[in-house]
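Below: the structure, in structure tokens.
The values are calculated or read from the model by the stated rules, or taken from the named source; none is laboratory data. The model shown is predicted, which means the values in this text are computed figures rather than measured ones. Note that we place each Cβ from the backbone using ideal geometry, even for glycine, and neighbour counts take in every protein chain shown.
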Amino acid sequence: MRHFACSSFLFVFLALISNLTLAQTLNNPTFHLDIAPIIYNNCTECHRVGELGPMPLTTYDEVAANGYYIEYVTQSGYMPPWTPDHNYTTLNGERFLTEEEKQTIVDWVGADMPEGDPSDNPGMPDFDMGLQLGSPDLVLTMSEAYLHGGDGLEQYQVFIIPTGLTETVEVLAVEIVPSNNAIAHHGLIGYTSNPSSINAALALDEADPAAGYESFGDYGVPVEDRLFGGWVPGSLPLMFPQTIGKIMEPGSQLLLQMHYGPSYQDELDQTTVNIYFADLPVEREVETYTMTPSDLSVPFYIPANEVVSFHGTLEVETDMSVISTIPHSHLVGKSWLVYATSPDNQDTIPMISIPNWDFHWQGIFTYPSLLKIPGGYTIHAIAEYDNTSSNTFNPNNPPQPMWFGDFTTDEMFVLFFQFIEYLPGDEDISIISEPNVGCLGDVVPNGSIDISDILMILSQYGCLSNCVSDVTGDGAVTISDVLVVLSEFGEFCP
Ligand code: HEC
């Protein structure tokens, strides 16, 4: 462990050079030199005690005991879990192994999993980051803990959380912090201040003897913002760029939908939602557009024993800057492809491709920087559904006809976009919501603080006159400011 505070350019370059030598994998890989870095950076965030992964992958013994299994799940692409095709678009928080990394695992398992020299082990990243964004301005917790039974079943439960606000506030980031990461699979927040939705949700809560109420697909009631916040294991909360954000009104309520994975012992969870208010006034409010079956030219009906696809379109009226694209279908869903085309069809903007949809690994997929879709373009969303018995997730055996709905045995065609109206320069505004692998300041997330992070910070905040973030007071925002900020807030970096 080295502290970035005592570093200099020399250190940064040394770190870069040592990364390069590590990357040149030998033909006789050992656990400590070659395998540990792959596992620690891609698997251990979930595969350690108290987290969702079914077995810990932290030591030589644990990894070697699962060696063949690890080879299998990495070859098949099942692990690390990441459903979008990273060759189609670049998204934040991508998890995938390179071909070299996969081959290293194959070679290592093939060589009977040699341990190597423990002094080569880079050590695990510091996963225990606690609050990611400093201290929140508003902390809201589920009023009571939810008991998730040890019956080996998963559960989708919605909890009503009053915001208690007496005045309107502007929000920069929303963070969901489960209290029990061994069962929390993902969380989504719907926002409503509509009394009839709130009353309907309260009635559902009343009718369900457990804390909260069950709702598989959505929140069970209409909400104004279906994506006020979201969390999947290992993700940082989405923090909007300055002057872009959301508004919360007095009397509003959050509907927190938690997906709990199967457990074989009773578990409790009492999730907290941390809200961070905007420092600068929000000039552009994040809007959510939802594409639904009303954007289809045919009825949304999936006959039994058939594979069908639906093609939704949306005409973009004025230039927009897309923050995130979130496809949503249920268990019979098979794939998603989303892109935008120009009126003359000469230009195509890829948005997301999910070749093998997996309901259990939904995500909130954000772009590295705001994605401009010009007015006049058409957004296309093509979703495929496999309602045959060869789809092992099919909830009906034998397959049954399916329509749109909230239950496990219903299907959905829903695509969310979070966006703002486009302003020139938006393409250069980055959205960083990366899983942090132990380095605060690792803004170009590659697991180390290096020159790329400094360049990124300077490209966003660098400035030569009338500078707002000039901490050194020399009139400009340059490398010296970055170093001062890092010496104050920099973290250990493995
Ligand atoms: C985001 C969390 C997460 C990450 C990252 C992750 N896993 Fe998993 N892993 C899980 C969960 C949860 C399961 C249980 C099955 C499921 O829910 O899909 C699982 C299942 C597995 C299984 C199969 C166990 C079984 O009984 O079926 C293996 C093997 C595995 N993971 C290895 C890995 C390896 C190797 C990596 C890194 C290359 C990795 N995982 C990364 C969460 C994760």
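Hey, does the stretch 93-100 have a residue that's near the ligand (Cβ under 7 Å from one of its atoms) and closer than 25 Å to A184 by Cα? Taking every residue of the stretch 93-100 in turn, at least one turns out to be near the ligand (Cβ under 7 Å from one of its atoms) and closer than 25 Å to A184 by Cα. Residue count for the stretch 346-380 under the criterion of being without any contact (Cβ under 8 Å) to a residue 40 or more places away in the chain and either away from the ligand (no atom under 16 Å from the Cβ) or within 20 Å of V286 (Cα to Cα) (or both): the result is 4. With respect to G217, is the statement that it is in contact with a Ser or Thr (Cβ under 9 Å, 6 or more places away or on another chain) and in a loop (DSSP other than H, G, I, E, B) true? In short, yes. When the stretch 38-54 is examined, which residues are found to be more than 6 Å from the ligand (Cβ to nearest atom), assigned to a loop (DSSP other than H, G, I, E, B) and modelled with pLDDT of 90 or more? Answer for the stretch 38-54, where residues must be more than 6 Å from the ligand (Cβ to nearest atom), assigned to a loop (DSSP other than H, G, I, E, B) and modelled with pLDDT of 90 or more: T44, R48. Within the stretch 45-65, being surrounded by fewer than 17 Cβ atoms within 10 Å (Cβ to Cβ) and within 17 Å of T104 (Cβ to Cβ) holds for no residue. Applying the set (1) under 17 Å from Q362 (Cβ atoms); (2) within 11 Å of the ligand (Cβ to nearest atom) to Y72 leaves exactly one unmet item: (1).
Here is the figure for the stretch 250-267: residues that are touching a Gly at 6+ places or on another chain (Cβ under 8 Å), of a type outside the set (A, V, I, L, M), within 16 Å of the ligand (Cβ to nearest atom) and not in a loop (DSSP other than H, G, I, E, B) total 2.
Count of the stretch 311-320 residues, restricted to those that are assigned to a strand (DSSP E or B), surrounded by fewer than 21 Cβ atoms within 10 Å (Cβ to Cβ) and under 26 Å from the mean Cα position of the chain (by Cα), is 3.
Criterion applied to G251, G312, G217, G245 was being touching a strand residue (DSSP E or B) at 6+ places or on another chain (Cβ under 6 Å) and not assigned by TED's automatic domain parsing to the domain that holds A383, and the one residue passing it is G245. In the stretch 341-359, which residues are farther than 30 Å from H259 by Cα, part of a strand (DSSP E or B) and hydroxyl-bearing (S, T, Y)? T341, T348, listed by residue number. When I247, I176, I189 are checked against the criterion of being under 18 Å from V286 (Cβ atoms), among the aliphatic types (A, V, I, L, M) and within 16 Å of the ligand (Cβ to nearest atom), a single residue qualifies: I176.
Consider the stretch 377-391 and keep the residues that are small (G, A, S) and surrounded by 15 or more Cβ atoms within 10 Å (Cβ to Cβ). The one that is nearest to P343 (Cα to Cα) is A381. Among all positions in the stretch 204-226, there is no residue which is within 16 Å of the ligand (Cβ to nearest atom), crowded, with 19+ Cβ neighbours inside 10 Å and farther than 19 Å from L140 by Cα.
Please count how many residues of the stretch 55-69 are away from the ligand (no atom under 11 Å from the Cβ) and of a type in the set (G, A, S). Of the residues in that region, 1 qualify.
Given the options V139, V158, name the one that is under 25 Å from S263 (Cα atoms), touching a Ser or Thr at 6+ places or on another chain (Cβ under 7 Å), away from the ligand (no atom under 16 Å from the Cβ) and not in a helix (DSSP H, G or I). Matching residue, one of V139, V158: V158.
Put simply, of V298, V282, V273 the only residue that is part of a loop (DSSP other than H, G, I, E, B) and surrounded by 15 or more Cβ atoms within 10 Å (Cβ to Cβ) is V282. Candidates are the residues of the stretch 64-104 that are more than 26 Å from the chain's Cα centre (by Cα) and part of a helix (DSSP H, G or I); the one that is nearest to D117 (Cα to Cα) is A64.
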